[in-house]
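Some notes on the structure that comes next.
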Amino acid sequence: MFAIVTIGVVLWSIFPRAAKFPDPGIRLDEKDQPQLWQLVRKVAQQAGQQPPRDLFLVGDINAFVAERGSRMGFGGTRVMGIGLPLLQVLTVPQLQSVVAHEFGHFHGGDTRLGPLIWRTRDSIGRTIVNFQKTESLLSKPFEWYGNLFLRVTFAISRAQEFAADALSVRLCGKQPVQSALRRVNETGPLFDHYLQTEFLPVLNRKLRPPLAAGFGTYLASPGIRDLQVKVGEEAMQAKGNPYDSHPPLQERLAAAAAVDGAGNGPADGPVAVTLLRDVDAVEARLLAFLTEADEVAKLPRAQWQEVLVPTVVENWARIAREHGRKLPAMRVADFAVPRDRLDELARKIDPKIPAVERPAAAGWLLGVLLGSALLRAGWTVVTGLGEPVHVVLGDARLEPTALGRQLAEGKLDATAFATTCSQLGIGDLVLAGPDLPIG
């Protein structure tokens, strides 16, 4: 019986499952987007490869290729995906180098090997999980083999990335390849932040500002430019890991520099998003796909300079309504609470907030409540894409959420803040509590 159960678990776990490959984005027809397709076909010819049958626009800083519908690495149709934000951050020559890299995966047969590796990983994972459910000691050898398989196959994946980079360098040149790698690494982590802090709050107001162009403006703001430098430096310092599918940036740049027979293409050129026709219509389709809501495509267009300030004002008022009265009665003069009291305030906001996150959560809310109190007193918001939110009245200027962050970090000078309150006459404004105006 033990042997039968063991064999049954293994056979059920390794039985091939049907692989699903839903559309990863919106399909770009060649008749609608001839310039982007022309670039893809040009690179395919240079690489000696067949172009993809389908070209998809996706919603992240990424590009990929795959063979859709393949069986154990055979058959299937070639597809390629290119991210809209990727088109915004790269020049046309840099994008061409990225497309060449992806054709390097076709050239090396990676897209045929990939499904087989993925299915094997999936089967090993199911076997381990199913044995763990039966509390069988037989899960141990499978766990050992699974870890070994991951290390080996991820090493293969890293070698494939180096080979694809080398093909891209030979076709396009070192400058576009290296600069594109740097650009992707320094901007990739910032796109989600842009979505969460800038784009989605406006979209939630039933308005649709430019997605790609807004990201470009966001990246150009002084604070975000400095952040890009920091993110890029961190990427350059990152070390490799046996379970990484991609080599670290520093190793990829060094390998690209050592490729023989490199092309001599430039890295400068127009922004790659200019290859798209009717960007607004394309963005509307992509947003409807990503949100799974067709009505998003029909939302009225809005310009960023028109919606930023109203969005901040509306969000601060909403947050004050939802959480301000949960706190004890406080005036603006009480803002600089001792850091150990932030834990108590955070638990009043939401008892489920993890202890380690409570100071930051309470500090952030107090910053928003401070900004909301100042707006009720006649102050106005000044901000821009990627820029801090200030409130101003005459020559006075404060950054409420930065003050909340300093409070959470224990860096706020309570004496200096009290002096500021006295000078500006804001100490008696209601900050929180039962008397907080919510109209």
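What value in Å³ per residue do you get for the convex hull of the alpha-carbon atoms in segment 194-238?
Roughly 73 Å³ of hull volume per residue.
How high is the relative contact order of segment 305-439? Use alpha-carbon pairs under 8 Å, at least six apart in sequence, and give a whole percent.
39
Could you run the Karplus curve 6.51 cos²θ - 1.76 cosθ + 1.60 with θ = phi - 60° over segment 419-433 and give me ³J(HN,Hα) per residue in whole Hz, x for Gly and Pro?
Per-residue couplings from phi come out as 5, 4, 4, 5, 5, 8, x, 10, x, 8, 5, 5, 9, 7, x Hz.
Collect residues whose amide H, placed 1.01 Å from N in the peptide plane, falls under 5 Å from the amide H of Leu431; neighbours closer than 5 in sequence don't count.
Met330, Arg331, Val332
Mind jotting down the distance between the C-alpha centroids of segment 165-221 and segment 315-347, whole Å?
Computed from Cα coordinates, the inter-centre distance equals 35 Å.
Under the rule of at least 5 residues apart or a separate chain, name every residue whose amide H is placed under 5 Å from the amide H of Val58.
Amide H neighbours of Val58: Ile82, Gly83, Leu84.
If we count other beta carbons within 10 Å of each Cβ, what is the order of Glu399, Glu161, Glu387, fewest first?
The most exposed by this proxy come first: Glu387, Glu399, Glu161.
I'd like the GluC sites (Glu not before Pro) in segment 211-312 restricted to DSSP loop residues with at most 12 other Cβ atoms within 10 Å, sorted by number.
Those that pass, being in a loop and sparsely packed, are Glu292.
Testing the spin-label approximation: label points 7 Å from Cα along Cα→Cβ at Glu322 and Ala416. State their distance in nm.
Rounded to a tenth, the inter-label distance reads 3.2 nm.
Would you mind classifying segment 25-64 by shape? Square roots of the alpha carbon gyration tensor eigenvalues, ordered a ≥ b ≥ c; an a/c under 1.5 is rounded, otherwise it is prolate if a/b is larger than b/c and oblate if not.
oblate
Once the piece of chain linking Ala220 and Phe64 is laid out straight, how much longer is it, given 0.36 nm per residue of separation minus the C-alpha distance between them?
Stretched out fully, the Ala220 to Phe64 stretch lengthens by 53.5 nm.
If you take the square roots of the eigenvalues of the alpha-carbon gyration tensor of segment 367-432 and sort them as a ≥ b ≥ c, do you get rounded (a/c under 1.5), prolate (a/b over b/c) or oblate?
oblate
Could you work out how far apart the two model spin labels at Gln35 and Asp54 are, taking each label as a point 7 Å from the Cα in the direction of the beta carbon, and quote it in nm?
Going from the Gln35 label point to the Asp54 one covers 2.6 nm.
So for the pair Asn204, Asp435, with labels modelled 7 Å out along Cα→Cβ, what separation do we get in nm?
3.0
Too long at a 24 Å Cα-Cα cut-off: which of Lys42/Lys174; Lys42/Lys230; Lys42/Lys298; Lys326/Lys352?
Over 24 Å apart, Cα to Cα: Lys42/Lys230; Lys42/Lys298.
Once phi is turned into ³J(HN,Hα) by the Karplus curve 6.51 cos²θ - 1.76 cosθ + 1.60 with θ = phi - 60°, what whole-Hz value does each residue of segment 203-210 show in order, with x for glycine and proline?
4, 5, 8, 6, 10, 10, x, x
Run the numbers for Gln303 and Arg27: contour at 0.36 nm per residue of separation, minus the present Cα-Cα distance, in nm.
Between Gln303 and Arg27, full extension yields 96.7 nm more.
Give a residue-ordered list of calculated ³J(HN,Hα) values for segment 81-97 (Karplus: 6.51 cos²θ - 1.76 cosθ + 1.60, θ = phi - 60°; whole Hz; x for Gly, Pro).
Ordered by residue, 3J(HN,Hα) equals x, 10, x, 4, x, 5, 5, 6, 9, 10, 7, 4, x, 5, 4, 4, 5 Hz.
Once a ≥ b ≥ c are taken as the square roots of the eigenvalues of the Cα gyration tensor of segment 288-418, is the result rounded (a/c under 1.5), prolate (a/b larger than b/c) or oblate (a/b not larger than b/c)?
Because a/c hits 1.5 or more and a/b fails to exceed b/c, segment 288-418 counts as oblate.
No lab work stands behind these numbers, since they all come straight from the coordinates. All figures in this text were calculated on a predicted structure; none of them were measured in a lab. Virtual Cβ from ideal backbone geometry, glycine too; neighbours counted across all protein chains shown.
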